[in-house]
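**Student:** One structure is given below, represented as structure tokens, and several questions about it will come after.
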């Protein structure tokens, strides 16, 4: 009888160990249910506050390589514009997203593109594209700052305004006034995105003049 009880206890302990290990293995690759629930709520608040609009969070996932949660969302009235929200330790809010890129490539950006082109009619339309910084792969010259010096996450989206003109030949007062208008335009449109206004004659190098308009609207000259 003792042997049978001992065997049952051993089997129960063994089964418990298997269940514990199985649950641990699951969380390593798929995260935890409470973790997903927490980040789902945080991500919903994050995108709603950032863009002052309604979004539907359609899916949550877990990246076991980076040990971060990711969400997939779309604007309430535009289910075809699916974008990603990611945990991001380098972002002040703890999250980053690629909504600006997805929106920029859609018809929703038509009006704001037209307004920007009105401010900078000589911009290079071939370079007027939104990309996440991690996808740009750009190499800057010695005097042009890397994005990290601006305290901007590489998961952020940036849009360049390239003007192939020597900055010294421009009317600086007028150009700076345009940048202030652009900053105001982006804030009023609830479209926080990093803009890069770059003046250069032949190629983007250390001789270029670069201004950044950050998501918060600050204009930084480098």
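The values are calculated or read from the model by the stated rules, or taken from the named source; none is laboratory data. Bear in mind that the values here come from a model prediction, so they are computed numbers and not experimental data. Neighbour counts are summed over all protein chains in view; Cβ atoms, including those assigned to glycine, are modelled from backbone coordinates with ideal geometry.
**Student:** Residues of the range 87-103 being buried (at least 16 other Cβ atoms within 10 Å of the Cβ) and either assigned to a loop (DSSP other than H, G, I, E, B) or at pLDDT below 95 (or both), which ones?
**Tutor:** Within the range 87-103, 88, 91, 98 qualify.
**Student:** Can you find even one residue in the range 74-83 that is under 11 Å from the mean Cα position of the chain (by Cα), more than 30 Å from residue 175 (Cα to Cα) and at pLDDT 95 or above?
**Tutor:** yes
**Student:** Okay, moving on. Of the conditions (1) in a loop (DSSP other than H, G, I, E, B); (2) farther than 28 Å from residue 148 by Cβ, residue 59 fails just one. Which one is it?
**Tutor:** (1)
**Student:** Under 6 Å between Cβ atoms, which residue pairs at least 6 apart in sequence (or on different chains) link something in the range 164-176 that is at pLDDT below 95 with a partner that is surrounded by 15 or more Cβ atoms within 10 Å (Cβ to Cβ) and not in a helix (DSSP H, G or I)?
**Tutor:** Partner pairs satisfying both residue conditions: 165/199; 167/199; 167/209.
**Student:** List the number of the failed condition for residue 64; all other conditions in (1) within 16 Å of the chain's Cα centre (by Cα); (2) at pLDDT below 95 hold.
**Tutor:** Unmet condition: (1).
**Student:** Pull up the range 114-132, narrow it to residues that are out of contact with any helix residue (DSSP H, G or I) (no Cβ under 8 Å at 6 or more places or on another chain) and touching a residue at least 12 places away in the same chain (Cβ under 8 Å), then point me to the one that is nearest to residue 47 (Cα to Cα).
**Tutor:** So the residue we want is 127.
**Student:** Read through the list (1) in a helix (DSSP H, G or I); (2) modelled with pLDDT of 90 or more; (3) outside the structural domain of residue 174 (by TED's automatic domain parsing), then give the number of the only condition that residue 20 fails.
**Tutor:** Residue 20 satisfies all of (1) in a helix (DSSP H, G or I); (2) modelled with pLDDT of 90 or more; (3) outside the structural domain of residue 174 (by TED's automatic domain parsing) except (2).
**Student:** Whether any residue in the range 115-129 is within 24 Å of residue 50 (Cα to Cα), buried (at least 18 other Cβ atoms within 10 Å of the Cβ), in contact with a strand residue (DSSP E or B) (Cβ under 9 Å, 6 or more places away or on another chain) and at pLDDT 95 or above is what I want to check.
**Tutor:** Looking for residues that are within 24 Å of residue 50 (Cα to Cα), buried (at least 18 other Cβ atoms within 10 Å of the Cβ), in contact with a strand residue (DSSP E or B) (Cβ under 9 Å, 6 or more places away or on another chain) and at pLDDT 95 or above, one finds at least one in the range 115-129, hence yes.
**Student:** Criterion first (surrounded by 15 or more Cβ atoms within 10 Å (Cβ to Cβ), under 19 Å from the mean Cα position of the chain (by Cα) and over 30 Å from residue 33 (Cα atoms)) does residue 159 satisfy it?
**Tutor:** It is true that residue 159 is surrounded by 15 or more Cβ atoms within 10 Å (Cβ to Cβ), under 19 Å from the mean Cα position of the chain (by Cα) and over 30 Å from residue 33 (Cα atoms).
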